[in-house]
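Everything on this sheet refers to the single structure shown next.
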Amino acid sequence: MESPVETQPNQVTIPSYTDLPFYRKQVRIALRNCGIINPERIEEYIARGGYLALAKAITEMTPDEVISIMKDSKLRGRGGAGFVTGIKWEFARRSMAKPKYVICNADEGDPGAFMDRSILEGDPHSVIEGMAIAAYAIGSEEGYIYCRAEYPLAIAHLKIAIQQAREFGFLGKNILGTDFSFDLYIKEGAGAFVCGEETALMASIEGRRGEPRPRPPFPAVSGLWNKPSNVNNVKSYAMAPQIILNGAEWFASIGTENSPGTAIFALTGKVNNTGLIEVPMGTTLREIIYDIGGGILGGKQFKAVQTGGPLGGCLPVEALDTPVDFDSLVQAGATMGSGGMIVVDEDTCMVEFAKYFLTFASAESCGKCVPCRIGGRRLLEVLTRISKGEGKPEDLDEIEYISRNMKEASLCALGQLTPGPVMASLRFFRSEYEAHIYDKKCPAKVCRGLITYKVIEENCTGCMVCKRNCPAGAISGEKRQVHYIDPNICERCGICIEVCKFDAIMVE
Amino acid sequence: MAKIESVEALKAFQQQQQQAHEQARQEKVVIYVGAGTCGLAAGAGETMEQIELELGKRNLTAEITTVGCIGMCVREPLVDVQLPNQPRITYGNVKPDMVARIIDEHIIGGKPVLEWVVGVVPQDW
């Protein structure tokens, strides 16, 4: 369907999705059914080839052959760490203890990320099928989907899908008349970010406090209830059926050599086309932001893009031609993460931006290990100080010192990666930090402690609109007289700028 | 539904479903509403109610089905209209007050409301 479609006798042509800039560069594997089928009807999933991969795996292949295809496809875990899925399955298969568990990590918690939610809502059967294939491969008969209760629609659709899969015999005893049995349960998480860490996630399923523990032992050896367990992300499971159906070579032919397949991103922030996208690995940030995303909102200048969520990092304009894959993003100074991509424009203060993610990550620290619990808090104190204009020259060294220690000494990825956004913004936007500390200026004019609202006297008509609207009562002046903003009372809320019709207020 | 107990039975069921889907495509008016969290947050619920209301007013029958997120969150609520044997045409940002015109001009009149059209969902997707 490359050419526009003739829809009506009057010869009007409407472009096909594949000709729209938003979709032209996309390749949909995990998202192939999302938005196309009714997720509450298993019949529609089956009509599009659903459960044929499971059928193929359990009737035509040995578990080792399934693992071998997964390994050959070189699918890397889409949760963020990028470990080869097939090798993970192999480790779990080799563990002798029984029973074994298959676990789906659907505890998506990054601010602004909704990849996993959209798949669970739009195509829940693909995840169920992928988990069943994994269960067959590792020798498991029981699985859990750990999904946060904040995703009610995803959980509702999952429940319907699991029920239907049981009725049709894709879950339960003797699936498709074979010896293979597998059933699946949902565990609703309470929304603690740290429960996305696999050992904390398993503790939470067991009914314990969601806290990570040191690895090894890895889940493949000792996981849920100390039994061998395989934990993968929603997207990894959703891709597995397509790999089984189409083969390892097909999957490996998409994307790059070391990161085959597609990457799914929740594209958000200051781009024109926010949305959910799936592109071949190796697509550049520029292609994603400008071709698919349609460029920056309101014709503003691109400033940075944050990948990897609150544990990732931001990249500047110079890095726009970085290909998106696990290794290139790390090399450039960010991370792949689970698929959050937040674009910010010239109006964003990078100190404030880093502080936002740090506030989130430090609040979500479980408190078990000291480097994360104390380090995050100290780091936040330093950043808060800088954004208030009380930064000291030695603060930048302090940031680096705390960050290094958190990275080296924290128990899990949450603590190790909490300094990520700060370190990345310091690396690429150091001058902005220095402006806050030395010049007591916020170049993006965001940090309230460092800006002043002033009336431009030539433009002010004395209409009194700003005075009436100022919630702090900081503006004085008589009718048809130039007004004055008292910086000691002004709260820097910006309402006066919004209401002024004469462009008579500026920020310094 | 009885359990599917063999691969052959699954393949037969798949074919049957494909045929049923193809038959519906040729015979029915199908309206797809993007009702993932992104769609619902943008007002897909109200839009869907309005679709049912306006169809009822005109004594029209159409199959209304909900789908998940197709990716263009910025254009939600997304509503696709598929006339019998015609492509599945997507409208973006469909607010309740736009529904009547889409039904009158597209479903009844056969002419898509071009100014609100986003694109055509490829059949091989």
*In this model, which of A:74/A:270; A:71/B:11; A:159/A:235 are farther than 23 Å apart at the alpha-carbon?*
A:74/A:270; A:71/B:11
*asked:* Accessible area of the range A:180-336 with a 1.4 Å probe: how many percent of it is carbon plus sulfur?
replied: 49
_Whole-angstrom gap from the range A:455-508 to the range B:38-72, using each part's C-alpha centre_ = 46
*Within a 10 angstrom radius of each residue's Cβ in A:62-74, how many Cβ atoms of other chains show up on average? Whole number is fine.*
0
*Taking a cut-off of 19 Å between Cα atoms, list the lysines near residue A:392, but don't count ones fewer than 8 places away on the same chain.*
A:355, A:440, A:441
_Cα-based Rg / Dmax (Å) for the range A:115-242_ = 14.3, 41
_Among A:45, A:62, A:18 - extreme Cα towards positive end, dipole of the range A:12-66, charges at beta-carbon_ = A:18
_Net charge over other residues, Cβ less than 13 angstrom from the Cβ of residue B:1 (K, R count +1; D, E count -1)_ = 0
*Note down the magnitude of the dipole of the protein assembly as shown about its Cα centre, charges +1 on Lys and Arg C-beta and -1 on Asp and Glu C-beta and zero elsewhere, to the nearest 20 debye.*
1220
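Roughly how big is the range A:122-178's charge dipole about its Cα centre, with Cβ charges of +1 (Lys, Arg) and -1 (Asp, Glu), in debye to the nearest 20?
Values: 4 positive and 6 negative charges, 20 e Å.
That gives a dipole near 100 debye.
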*Cα centroid separation, the range A:148-192 to the range A:311-367 (Å)*: 34
*List every residue whose amide H lies under 5 Å from the amide H of residue B:64, counting only residues 5 or more places away in sequence or on a different chain, with H placed 1.01 Å from N in the peptide plane.*
B:31
_What is the sum of charges, Lys and Arg at +1 and Asp and Glu at -1, for the other residues whose Cβ falls under 12 Å from the Cβ of residue A:474?_
+1
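Can you sort A:244, A:495 by solvent-accessible area, 1.4 Å probe, largest first?
On the way: A:244 0, A:495 55 Å².
Sorted by accessible area, descending: A:495, A:244.
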_Label-point separation, residue A:181 to residue A:480 (7 Å along Cα→Cβ), nm_ = 9.2
*Cβ-Cβ FRET estimate between residue A:458 and residue B:53, R0 fixed at 56 Å, reported to 0.05*: 0.50
*Using a 1.4 Å probe on the heavy atoms of the protein chains only, list every residue of the range B:1-42 that has 50 Å² or more less accessible area in the complete assembly than in its chain alone.*
B:1, B:3, B:4, B:7, B:10, B:14, B:17, B:37
_Would the protein assembly as shown count as rounded, prolate or oblate if I go by the C-alpha gyration tensor, calling it rounded below 1.5 in a/c and otherwise prolate when a/b exceeds b/c, oblate otherwise?_
oblate
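Under the definition of partner shielding as Cβ atoms of other protein chains within 10 Å of a residue Cβ, what is the mean value for peptide A:47-55?
On the way: counts 10, 5, 2, 3, 5, 4, 0, 2, 8.
Across A:47-55, the average partner-chain Cβ count within 10 Å equals 4.
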*Based on Cα positions only, what radius of gyration and what Dmax would you give for the range A:195-298, in angstroms?*
18.4, 54
*In µm²/s, what is D for the range A:12-152 at 37 °C and 0.692 mPa s, where D = kT/(6 pi eta Rh) by Stokes-Einstein and Rh is the Kirkwood radius from Cα pairs?*
194
*If you keep only loop residues by DSSP, which trypsin sites (Lys or Arg not before Pro) in the range A:64-172 have at most 15 other Cβ atoms within 10 Å of their Cβ?*
none
_Explain nothing, just compute: Karplus ³J(HN,Hα) = 6.51 cos²θ - 1.76 cosθ + 1.60, θ = phi - 60°, for every residue of the range A:354-365 in order, whole Hz, x for Gly and Pro._
5, 5, 4, 5, 5, 4, 5, 5, 6, 5, 8, 4
*Karplus-derived HN-Hα couplings along the range A:296-309 (A = 6.51, B = -1.76, C = 1.60, θ = phi - 60°), whole Hz, x at Gly and Pro*: 7, 4, x, x, 6, 8, 5, 10, 7, 10, 9, 10, x, x
*Once the Cβ-Cβ distance between residue B:61 and residue A:501 is put in as r, and R0 is 60 Å, what FRET efficiency do you end up with, to the nearest 0.05?*
0.70
*Per residue, how many Å² of accessible area does the protein assembly as shown show with a 1.4 Å probe?*
41
*Hey, what's the per residue convex hull volume over the C-alpha atoms of chain B, in cubic angstrom?*
129
_Using helices alone, I'd like the mean residue ellipticity at 222 nm for chain A: each DSSP H run of four-plus residues gives -39500 (n - 2.57), total over residue count, nearest 500._
-10500 deg cm²/dmol
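Counting protein heavy atoms only and a 1.4 angstrom probe, how many square angstrom of accessible surface do chains B and A bury in total, to the nearest 100?
Numbers: alone 7820 and 22020 Å², together 25830 Å².
Interface between B and A: roughly 4000 Å².
So if each residue of separation counts as 0.36 nm, and I subtract the Cα-Cα distance between residue A:64 and residue A:327, what length gain in nm does that give?
Working: separation 263, 0.36 × 263 = 94.68 nm, distance 2.82 nm.
Result: 91.9 nm gained on full extension.
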*Using only the alpha carbons of the range A:306-457, determine the length spanned along each of the three principal axes and report them from longest to shortest in whole angstroms.*
55, 37, 23
*Quick one: Karplus J couplings for the range A:76-87, per residue in order, coefficients 6.51, -1.76, 1.60, θ = phi - 60°, nearest Hz, x for Gly and Pro?*
9, x, 7, x, x, 6, x, 6, 5, 4, x, 5
_Pairwise label distance in nanometres, residue A:25 with residue A:245, each label 7 Å out on the Cα-Cβ vector_ = 2.7
*List, in the order given, every pair from A:100/A:187; A:454/A:501; A:98/A:173; A:445/A:467 whose Cα-Cα distance in the structure shown is over 19 Å.*
A:445/A:467
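The values are calculated or read from the model by the stated rules, or taken from the named source; none is laboratory data. Keep in mind the model is a prediction, meaning the values are calculated, not measured. Virtual Cβ from ideal backbone geometry, glycine too; neighbours counted across all protein chains shown. Just the protein is used for accessible areas: all its heavy atoms, side chains included, with ligands, DNA and RNA removed. Shrake-Rupley method; radii C 1.70, N 1.55, O 1.52, S 1.80 Å.
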